[in-house]
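What follows is a set of notes on a single structure, which appears directly below.
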Amino acid sequence: MAALDNSKVVAVIGSGAMGAGIAQVAAAAGHTVKLYDTRPEAVNKAIDSIGAAYGKLAGKGKMSAADAEAAANRLYAAASLEELGDAQLVVEAIVENLDAKRALFAQLEAIVGEETILATNTSSISVTAIAAQLRHPARLAGMHFFNPVPLMALVEIVSGVATDAAVAQTLYDTATTWGKQAVHAKSTPGFIVNRLARPFYAEAWRLLNEQAADAATIDAVLREAGGFRMGPFELMDLIGHDVNYAVTKSVFDAYYNDPRFTPSVLQLELVNAGFLGRKTGRGLYRYDDEAEVPAAQAEPKHERPEYVGYSLEAGAGGELTASMLERFKAHGIAITARTSAEGHLHGEAPAFHCNGAAIYLTDGRTATERARANGHDDTVVFDLVLDAAQAARIAVASADQCNPAAFDAAVALFQTAGFTVTRLDDVPGLAVMRTVAMLANEAADAVQQGVCSAQAADLAMRKGVNYPQGPLAWADAVGVAHIVKVLDNLAATYGEDRYRVSPLLRRRQAARRNLHA
Ligand code: NAI
């Protein structure tokens, strides 16, 4: 089925932040848009603000003045639901309450035509449940926009159990012609983004709780090594801890307390304290005038190491190690290649070695455990970076039994290659690796459960929450086998079901296949 022709009327019910944004996008795409709200003043405010937004776009040359005026003239205030009878698509963006949404759609069914598509912008309620009491539940689907609607490209098209596939496809095609990136999703708790993003926050809370580092340091590592636009803590301060905690709790409850989604007691305490983030002037950070921006931990500068070697054995860190090696060479570091036997190492081959330190890419074990397993005390592990050629920062940890001079030599190696080096406590999987492994694990489960395709999962995370890389493509780049190893080691270390490996990841690993074909 094709997109809804822009000669068709679109109704938007609820004229708050989301409804106004949806109306702005639909009218700009050429539809006549009728706005309705139980508070008429909200409709007037929305129409004024949309007109002003078009004006700004015209001022910046992003829309012609004539188009801006024409789009504004396509917006109409509806004084009652009855005035929406000619709408071919109704998008609901009222309060997040099942009973209110059901009552509204029941009323609408008596007003609109048989062919009219009903869409809900809910972010957390089952689309199946919203549709359940309708005479024609097949014509209702979720059309989940992201805030702010005109700027965020993603729209999740959510099918409930009864939704007609043709209805979902029309909404997908319509969102596409409105300039959005649509993805199909099955109605399951959190849909795609709100479910798949949970580990980004959850692993950060775990790291903070285990005192891997302070919040500013963890944020800096995720940003400057992981390539995320914002660190998890500064992002939660922006979202509001009350809102972020409530989403986590609702996903946790909806999946019957699956430990993957366990909320953080640290975050609950912030909510208890009223430290909700930017909006209250304090969250993990302070936002008052005198507040100092806390600095992320960085190791003091060390001298260029005398000797650096790398192992010739296959599998000592894969492509990431290879691109790290290129960076070392580009910074004029002389590197000697040797086999482990030549270096008299008896355990696994380290990616690099330097003044006695064996340096490995984290595999989800602590450096301490790995030192013990290899019988080599001077062990240092480094974290995943998004791009070994570009990353500004890298996180490292050393074994408890490591000699400080050996650790300093490893730090010096990365510093000589231009990295700011951050030392984390010796937590398993460090920060970026563990976050990416858990993001990919959740995405793989969603794909296996038919919630969305692998392409949709990655697109949703890039367009809905601005991740620098889709989690599944990222896992492919790191290597599916390595991601599985990290998760298995986390599961073994913690003894928690939370780190269980997605069956799809394990299957792809066994088949030596990537997650993306
Ligand atoms: P909002 O509170 O800004 O606006 C809701 C509007 O709906 C208000 O103007 C209210 O008067 C009106 N309203 C309430 N009950 C109504 C009824 N029975 N009939 C007609 N109008 C009614 O809320 P917001 O943020 O715009 O959210 C709306 C919906 O969008 C919710 O379902 C929410 O979960 C969903 N959503 C919100 C996102 C966000 O970031 N704010 C993101 C994605 C979805």
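The values are calculated or read from the model by the stated rules, or taken from the named source; none is laboratory data. In this text the structure is predicted, and so the values were computed from the model without any measurement. Note: ideal-geometry Cβ built from the backbone for every residue, glycine included; neighbour counts use all protein chains shown. The accessibility values were calculated without ligands, DNA or RNA, using every heavy atom of the protein model including side chains. Shrake-Rupley method; radii C 1.70, N 1.55, O 1.52, S 1.80 Å.
Rounded to the nearest 500, what is the 222 nm mean residue ellipticity of the chain from helices alone, with -39500 (n - 2.57) per DSSP H run of 4+ residues and division by all residues?
Values: 20 runs with 221 residues, N = 517.
It lands at -13000 deg cm²/dmol.
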Sketch the reach of a paramagnetic label on S124 as a point 7 Å from Cα along Cα-to-Cβ, and name the residues of the stretch 263-304 whose backbone nitrogen lies under 19 Å away.
263-280
Cross-link partners of K45 among aspartates and glutamates (Cα-Cα below 13 Å; sequence separation of 8 or more within a chain)
D37
Using alpha-carbon positions, what is the distance between the centroids of the stretch 235-255 and the stretch 1-74, in Å?
30
Starting from the Cα of D5, step 7 Å along the direction of its Cβ; do the same at R229; then give the gap between the two resulting points in nm.
3.7
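Mind giving me the FRET efficiency for N514 and R338? R0 is 45 Å, r the Cβ-Cβ distance, nearest 0.05 is fine.
Details: r = 31 Å, r/R0 = 0.69.
Efficiency at R0 = 45 Å is approximately 0.90.
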Using the Kirkwood formula on the Cα atoms of the stretch 330-447, what hydrodynamic radius do you get, in angstrom to one decimal?
14.8
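Beta carbons within 10 angstrom, averaged per residue: use that to sort the peptides 234-242, 427-435, 15-23, 164-172, highest first.
Working: 234-242: 21.0, 427-435: 27.6, 15-23: 24.0, 164-172: 19.1.
Peptide ranking by packing, descending: 427-435, 15-23, 234-242, 164-172.
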Kindly work out what percent of the DSSP beta bridges joining two residues of the chain are antiparallel, to the nearest 5.
30
Taking Rh as the Kirkwood radius computed over C-alpha pairs, what is the Stokes-Einstein D of the chain at 4 °C in a medium of viscosity 1.567 mPa s, expressed in µm² per second?
52
Applying the Karplus parametrisation 6.51 cos²θ - 1.76 cosθ + 1.60 with θ = phi - 60° to the phi angles of the stretch 347-360, what ³J(HN,Hα) value in whole Hz is obtained for each residue in order, glycine and proline being reported as x?
x, 5, 6, x, 4, 9, 9, 7, 6, x, 7, 8, 10, 10
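Return the subset of K8/K186; K62/K101; K180/K249; K249/K485; K62/K463 for which the Cα-Cα distance in this structure is over 24 Å, preserving the input order. Please list the in-between numbers first.
Details: K8/K186 27 Å; K62/K101 36 Å; K180/K249 29 Å; K249/K485 29 Å; K62/K463 21 Å.
Violating the 24 Å Cα-Cα cut-off are K8/K186; K62/K101; K180/K249; K249/K485.
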What whole-number value in cubic angstrom gives the convex hull volume per residue for the C-alpha atoms of the stretch 379-517?
121
Two pseudo-spin positions, 7 Å from Cα along C-beta at Y256 and at V95, lie apart in nanometres by 3.2
How long is the gain from K45 to H331 if the chain were fully straight, where each residue apart is worth 0.36 nm and the alpha carbon distance is subtracted?
97.2 nm
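Where the only charges are on Cβ atoms (+1 Lys, Arg; -1 Asp, Glu), what is the dipole of the chain about its Cα centre, to the nearest 20 debye?
Values: 46 positive and 58 negative charges, 175 e Å.
Dipole magnitude for the chain comes out near 840 debye.
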Long-range HN-HN contacts of Q297 with modeled amide H, under 5 Å:
T217
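On full extension of the chain, what length is gained from L266 through S453, given 0.36 nm per residue of separation minus the C-alpha to C-alpha distance? Write out the running numbers ahead of the final one.
Working: separation 187, 0.36 × 187 = 67.32 nm, distance 3.39 nm.
That pair, L266 and S453, stretches by 63.9 nm at full extension.
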Two-site FRET efficiency, S64 against S323, from Cβ-Cβ distance with R₀ of 51 Å, rounded to 0.05
0.65
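Between beta-carbons, use under 12 Å as the cut-off and find the net charge around A212, counting Lys and Arg +1, Asp and Glu -1. Could the numbers behind the result be given before it?
Numbers: positive: R206, R423, R434; negative: E203, E210, D214, D383, D425, D426.
Net local charge, A212 excluded: -3.
Roughly speaking, to the nearest percent, how much of the chain's 1.4 Å accessible area is carbon and sulfur? Walk me through the intermediate numbers first.
Working: 10870 of 21340 Å².
Within the chain, the accessible surface is 51 percent carbon and sulfur.
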